[in-house]
Each structure stands twice: as C-alpha cells, then as structure tokens.
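The structure appears right after this line, and notes come after that.
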C-alpha cells in the first residue's frame, strides 16, 4: 500500500531543529504561530497510535479506508522507520503523523521514503509543515542523500506542497478499478483449455501448498524474477529466501485467489488477490507477472481473468490494482479486461546534497 506525502499551507514557525524528537524519545511542545492559538506537541510514534493514524488516513482518503492492523502491517515491512506524532497537549488528540523509512530490500544507505498526514479538521494550521521540518531534520542527521514521497494527482494542494519544497516528479503509479459484475467471463474455460494444450496449467496456491513441499522456494525464485522488471525508485535488490518467507507470512493474500501458471512443474507466472481490512467489498491485485521467456503468450491475461472469476464467485464488488505509468503492456492488459483509471500516485524525489 502506497502512503502519501500530504500537503498543508506552510506558516512561520518558532523552533530549533534540535528540538525535534530523536530516536531516544524527546518530546517538543511548541506554539505554531500567531495565526493559530494551538500549541503542538511532537513525540515519537507508539504502537497505540496505529488506530488514530488509520482513522486520519481514512478521513483524508475516504475511498481508501484502512485499519490499525493495516497500518501495523505496513510499518512492520519497513526498514529503520522513524515515526512521529503531532498532538494537542491539552487533549492529547493526535492531529498529525510523519514517517521516514527505507524499503526492506533497498540495501544501500542514504535513500529514504517519507510521508506526512494531518487530520482534515486541523489542516491549514501549519501542522504538516511542522511535521515535515522535523522529518527533514532527522534526514539531515542521518546523512540522507535522497528522499522520495508520494502524492495523489487528484489532490492538487498536495502536489503544490511537495513542489514548493523542491521535489520533482519521477513517475506516476496508475490506480485502476474494475467493476466485477461488468466483466464477461464466458470464454475463460476455453482459454484455460487452450493454455493446457500448450503445456501451461493454472492452479491455485491452495493446491500447491498441499502438493508441492518446495512451493515457497519456487515462489521466491519466481517473484524475484518478476520484480526485477518492476519500475521502482533506486535499483532492485532480490529478496533472500528468508526475507521472502517473512513478507509472505505477513501478507493478506487469499490462497484460493492466488493463481499460478505452471509449465510442467515450473512456475512461470502469477496473479493474486489480497484483502484490505478497510473495505471487504474491494480486493486488490498484489502482483501480476510472467517469467521473461513466457511473456506475450496470453498467460498474464488468463491469470488475471481467473482472479476476476474468483472475485465474482465471492460476491466482491470491485478489484483495484496499481501499475507504473511506464508499464504500457500491463496497463493495456488491464484496460482490455475492464479496468479503468481512478487516480495516480505521483512519486517525487528531492536531493538533500545541498
């Protein structure tokens, strides 16, 4: 799940960068400015803050609701996270959140992701700018070289926020949604039979768990091959087997909605659905991909149709997926089976050398 860098009007603040909470848990109480009578307390993020963070995220993005457990799962997947909470000292009400981190498989120093989130009721008071400045202070202490953030293209104020702070656009990740009941699945059995005649069968993860003692190792090898070609910030670092198993065990994929293409006994492609606790009526496609030597044979399309068929039989309303704007083949495939663009996450980069 991509989390955005949000936007709020920056106002003059009275603070010293050394006052930001560091990894030892320092707390700062500061008055924002003369325009706002509210004091603001910045403190380290705690486990009990996940529910409040998820609530605020869901209020900012009502079409993308998440739960506290979603928040915990995402944070657990990050390496070296530094997270802070902004709250009002009198009530203790959490009004803003911020985090910087490294992706678990970006094994090189100096490259970080970041996000800022503010309660809609408290936007426009300089809170987002205050949280952002604390995160930038921490990045400087860490000797960071680059920071990446995401913002949605249908939130123009968010785009303005990051651009005013010297970020430039790298690419866009297109979110597409499919209405399950509108898809014609009448030809899927014939397509599956034709693939089988060419030596490729479609099976579920549930079946492989029962029949293949090495399914995790085979999946690990396949996923590394697929993800090597996925556009990303920085370069790709293959997951070790242990890293893959750890991430797989924390995933929300559905074993009966996890489809694999096999040529003989070799895994050659996959497409799987995963749940989100925020809205049970919507499933997400976690990843669709094919081994390079098996591409352009219609396997990806067939796998994706099987995920749609599974969702239809389960009574799901919609499926969402995200693809890099440079990935024309998968975007075209998605459109051909009924996906439509809803919005895009724009990835921005800022160099911290200066």
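Residue exposure proxy: 171, 113, ordered by other Cβ atoms within 10 angstrom of their Cβ from fewest to most, comes out as 171, 113. DSSP beta bridges fully contained in the range 176-344 are about 90 percent antiparallel.
Taking the beta-carbon count within 10 Å as an exposure proxy, list 136, 191 from fewest neighbours to most. Arranged by neighbour count, lowest to highest, 136, 191 become 191, 136.
Over every Cα atom in the range 176-344, the radius of gyration and the widest Cα-Cα span, Dmax, amount to 15.3, 42 Å. Shape call for the range 280-354 from the C-alpha gyration tensor, a ≥ b ≥ c root eigenvalues: rounded (a/c under 1.5), prolate (a/b greater than b/c) or oblate? It is oblate, given that a/c is not under 1.5 and a/b is not larger than b/c. Placing R0 at 25 angstrom, the Cβ-Cβ distance between residue 46 and residue 243 gives a FRET efficiency of 0.40 after rounding to 0.05. Largest mean-square fluctuation among 223, 102, 123, in a Gaussian network model of the chain whose springs join Cα atoms under 10 Å apart, belongs to 123.
For residue 169 and residue 216, the difference between the fully extended length at 0.36 nm per residue and the C-alpha to C-alpha distance is 13.2 nm. Separation of the range 150-193 and the range 64-102, taken as the distance between their Cα centroids, equals 24 angstrom. Labels on offer are (1) 1.07; (2) 1.56; (3) 1.02, and the one holding Cα Rg over 2.2 N^0.38 Å computed from this structure is (1). The angle between the Cα long axis of helix 328-337 and the longest principal axis of the Cα atoms of the chain comes to about 70 degrees, rounded to the nearest 10.
Neighbour counts of C-beta atoms inside 10 Å place 141, 304, 350 in the sequence 141, 350, 304, starting with the fewest. Extension gain for residue 63 to residue 312 (0.36 nm times residue separation, less C-alpha to C-alpha distance): 87.5 nm.
Read-outs: derived from the displayed coordinates by stated rules, not from any lab. Computed from a predicted model, the values in this text were never measured in an experiment. Counting neighbours? That spans all protein chains shown, and the Cβs are built from the backbone with ideal geometry, glycine included.
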